[in-house]
Amino acid sequence: MIKKTFLKPFDIPVIALALALTIATGAAVYSGGTASSRVVIRGQDKTWIFPLNAETTVSVPGPIGETKVEIHGGHAEIVSSPCEGQTCVAAGAVSKNGQWVACLPNKVFLLIEAAGNGDAGGDTIDASCW
């Protein structure tokens, strides 16, 4: 004979808390870019940093010509490049921390990262090159 097990009074709050923590952790880990995300564009000689919510186009000079990067609507993408394969253009837009696109023939690298990573200035974002 199988004995039936019933929930005890404190089981429901514990289960609800575990479920809420699981959902909150999943949302934090899998959420897209945030207002504190930034776009880092590295060219052959310069690096540009913009907030992910900027609305701008950057022409990045490289050894074979200019690569155009657009930042708009919380996304960044390479829209044109003089490279032969156009793989960088076909890669499409990126918006989540850690995503990147590169145009290897033209030595252009586009990265989405959390603000404050890799710079001594903390969380400040500027639109100038260093």
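For this structure, a couple of remarks:
- Test result for Ile78, in contact with a helix residue (DSSP H, G or I) (Cβ under 7 Å, 6 or more places away or on another chain), within 22 Å of Ala115 (Cα to Cα) and touching a residue at least 12 places away in the same chain (Cβ under 8 Å): yes
- Count - residues of segment 60-74 that are under 20 Å from the mean Cα position of the chain (by Cα) and either closer than 22 Å to Pro105 by Cα or without any contact (Cβ under 8 Å) to a residue 24 or more places away in the chain (or both): 8
The rows are residues; the columns are (1) touching an Asp or Glu at 6+ places or on another chain (Cβ under 7 Å); (2) β-branched (Val, Ile, Thr); (3) on the phi < 0 side of the Ramachandran plot.
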position	(1), (2), (3)
Ile12	no, yes, yes
Ala16	no, no, yes
Ala20	no, no, yes
Gly26	no, no, yes
Lys46	no, no, yes
Val58	no, yes, yes
Pro63	no, no, yes
His72	yes, no, yes
Ser81	no, no, yes
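- For segment 81-101, a residue qualifies if it is crowded, with 17+ Cβ neighbours inside 10 Å and in a strand (DSSP E or B), and the qualifying residues are Val94, Val101.
Values quoted throughout were computed directly from the atomic coordinates according to the rules given, and no laboratory measurement underlies them. Every value quoted in this text rests on a predicted model; they were computed, and no experiment measured them. Backbone-built Cβ (ideal geometry, glycine too); neighbour counts: all protein chains shown.
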